[in-house]
Amino acid sequence: HRRTYVGAMPGLILQALKKCRTNNCVIMLDEIDKLGRNSLNGDPSSALLEVLDPEQNHAFRDHFLNLPFNLSRVLFIATANEIEPVPRPLRDRVELLEMTGYTVEEKVQIARRHLLPKQLGLHGLTSAQLSLADETLDLLISRYTREAGVRELERLLGALCRSVAVKVAEAAEGEGAAAADGAAAEAAAAAEGAAADDDGAAVSASASSSAAALLSVEDVEAVLGPPKFDGPKDAAQRLTKPGIAMGLAYTPVGGDVLFVEASRMAGRGMITLTGQLGEVMQESAKTALSWIRAHASELTLRGVAADSPFATVEANASASLLDASDVHVHFPAGGIPKDGPSAGVALVTSLVSLFSGRVVRSDTAMTGEVTLRGLVLPIGGVKEKVIAAHRAGLRTVILPARNQKDLRELPESVLEAMNFTFVTEVQQVLDAALLPPGVSATDAPPSEEGGDDGD
């Protein structure tokens, strides 16, 4: 504040330096993407230009002191959940380091090494009274949380610790009551009967303690309720009919599997898009349909029943089939906004599968941007997308050839289990993803696992 304000004092920057008693400290600016949001007292992000700009901060002026102060020796570390709300002039003054979310394997190790011991200490428990198997931690991470960090995971571990702490306290109270009953019985009955009662109490207490030592999946569901998210292992079962393909998407909480469903009906060649899609994804869908129209004679579009209303159209030409058909492309989970160019190959594969009657392989996911000429361009978020495919039980991922360098960011366990196919054009995607005509998803042989050299 300025000196005319009641309770005026130097600003936070100089207050932090006063607290550290040095002018070469490290100052953390947490979540600067929320600066100036709903503020009536100016724009703090504009004031940060003077603080973060190396060309200006050697003569920083606080509004209260109104004297220049050298901030050039201070190391500023700013964090943001989203980079778009940060003003562009402020972004130009900083070095941007993008940090992705934790993988499932990393979350398991964080929970076992840090979160669980911390919660055990806060709730007065020991590792002998509560332990979690790897499959239980995997259940907590995949079925109860969907986040880039581990905050919600720590809350769930705290809930499990409280449940076990209640059982331990009840067992201690029961043991104390049994001991009191045993003492009263010892005074009134023979020594043999009292010893038998004490042994029985000790056995029951030890049994309750051992029952609470290792929590199973059933114990977790009893405490936390049914899982909040569907299991990813059965995602491949949805690819049983033509017109359905499985893409990969990047989300703020990591990667996710993105289904593309297409259906056709008699019409005039129109396309309908649903699923709360952004402008970029709508353009990808129109580009995919235009590429199919341009290559209709090469794709041999057919595959409907003889009594279908499309049968007479198919007898003429594949192009006539497209002109006489309306296409509806839908992305499930319509409540979630979706945008980005990386669904281009999945859109092309879904539409070609629909018009050719060929089913997409149930163990294959794909990602990549498609041009109007049929080229497959590289995309971002490869690490998160491949890990999402691995979590979904898939073992083959189709990637743009120029994204092969991004595989070095993947964990070794994921690299060993996955098979990658690198492509440069759409026809290579169709050859790798579509099954031969007349072959169903259940009859298709599984893709070979392991290796990262691609095709």
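The values are calculated or read from the model by the stated rules, or taken from the named source; none is laboratory data. As the structure is a prediction and not an experimental result, all values here were calculated from the model. Note that we place each Cβ from the backbone using ideal geometry, even for glycine, and neighbour counts take in every protein chain shown. We work out accessible area using only protein heavy atoms, side chains counted, and drop any ligands, DNA or RNA first. Shrake-Rupley method; radii C 1.70, N 1.55, O 1.52, S 1.80 Å.
For Gly42, all conditions in the list (1) at pLDDT 85 or above; (2) exposed (fewer than 13 other Cβ atoms within 10 Å of the Cβ) hold save one; what is the number of the exception? Here Gly42 clears every test but (1).
Taking segment 1-17 as the range and being at pLDDT below 80 and open to solvent by 100 Å² or more (accessible area, probe 1.4 Å) as the test, the residues that pass are His1, Arg2, Arg3, Thr4, Tyr5, Val6, Met9. For Val345, the test of being touching a strand residue (DSSP E or B) at 6+ places or on another chain (Cβ under 7 Å) and under 30 Å from Ala266 (Cβ atoms) is passed. Residue pairs whose Cβ atoms lie under 7 Å apart, sitting 6 or more positions apart in sequence or on different chains, and linking a residue in segment 385-396 that is in contact (Cβ under 8 Å) with a residue 40 or more places away in the chain and within 22 Å of Pro341 (Cα to Cα) to a partner that is assigned to a helix (DSSP H, G or I) and open to solvent by less than 10 Å² (accessible area, probe 1.4 Å), are Val386/Val414; Ile387/Val414. Tell me yes or no: at least one residue of segment 354-377 is assigned to a helix (DSSP H, G or I), touching a helix residue (DSSP H, G or I) at 6+ places or on another chain (Cβ under 8 Å) and within 16 Å of Leu258 (Cβ to Cβ). No, every residue in segment 354-377 fails to be assigned to a helix (DSSP H, G or I), touching a helix residue (DSSP H, G or I) at 6+ places or on another chain (Cβ under 8 Å) and within 16 Å of Leu258 (Cβ to Cβ). For Leu48, the requirement of being surrounded by 12 or more Cβ atoms within 10 Å (Cβ to Cβ), under 28 Å from Ala148 (Cα atoms) and modelled with pLDDT of 80 or more is met. Each residue in segment 254-296 was checked for being on the phi > 0 side of the Ramachandran plot and either open to solvent by 50 Å² or more (accessible area, probe 1.4 Å) or assigned to a helix (DSSP H, G or I) (or both), and 1 of them qualify. Among the candidates Val397, Val414, Val386, the residue that is within 26 Å of Ile141 (Cα to Cα) and not in a helix (DSSP H, G or I) is uniquely Val397. Within segment 229-253, the residues that satisfy the criterion of being at pLDDT 85 or above, part of a strand (DSSP E or B) and not small (Gly, Ala, Ser) are Ile244, Met246, Leu248.
Put simply, of Thr126, Thr100, Thr136 the only residue that is touching a strand residue (DSSP E or B) at 6+ places or on another chain (Cβ under 9 Å), β-branched (Val, Ile, Thr) and open to solvent by 60 Å² or more (accessible area, probe 1.4 Å) is Thr100.
For segment 364-403, the set of residues classified as under 21 Å from the mean Cα position of the chain (by Cα) and open to solvent by 30 Å² or more (accessible area, probe 1.4 Å) consists of Glu369, Pro378, Gly380, Lys383, His390, Arg391, Gly393, Arg395, listed by residue number.
Sort out which residues of segment 342-363 are closer than 16 Å to Ala296 by Cα and either open to solvent by 30 Å² or more (accessible area, probe 1.4 Å) or of a type in the set (A, V, I, L, M, F, W, C) (or both), and write them in order of number. Leu347, Val348, Leu351, Val352, Leu354, Phe355, Arg358 - these are the residues of segment 342-363 that are closer than 16 Å to Ala296 by Cα and either open to solvent by 30 Å² or more (accessible area, probe 1.4 Å) or of a type in the set (A, V, I, L, M, F, W, C) (or both).
Could you tell me whether any residue of segment 51-64 is open to solvent by 60 Å² or more (accessible area, probe 1.4 Å), in contact (Cβ under 8 Å) with a residue 24 or more places away in the chain and assigned to a helix (DSSP H, G or I)? Checked against the condition, which is being open to solvent by 60 Å² or more (accessible area, probe 1.4 Å), in contact (Cβ under 8 Å) with a residue 24 or more places away in the chain and assigned to a helix (DSSP H, G or I), segment 51-64 yields no hits at all. Among the residues of segment 85-104, those identified as free of Cβ contacts under 8 Å to residues at least 40 places away in the same chain and closer than 30 Å to Ala389 by Cβ are Leu96, Leu97, Glu98, Met99.
Going through (1) charged (D, E, K, R); (2) at pLDDT below 80; (3) assigned to a helix (DSSP H, G or I); (4) under 33 Å from the mean Cα position of the chain (by Cα) one by one, Glu152 falls short only on (2). The set of residues in segment 404-429 being crowded, with 22+ Cβ neighbours inside 10 Å and either more than 23 Å from Val108 (Cα to Cα) or of a type in the set (Phe, Trp, Tyr) (or both) consists of Val423, Val426, Val429. Checking each residue in segment 414-455 for being among the acidic types (Asp, Glu) and at pLDDT 85 or above picks out Glu416, Glu425, Asp431.
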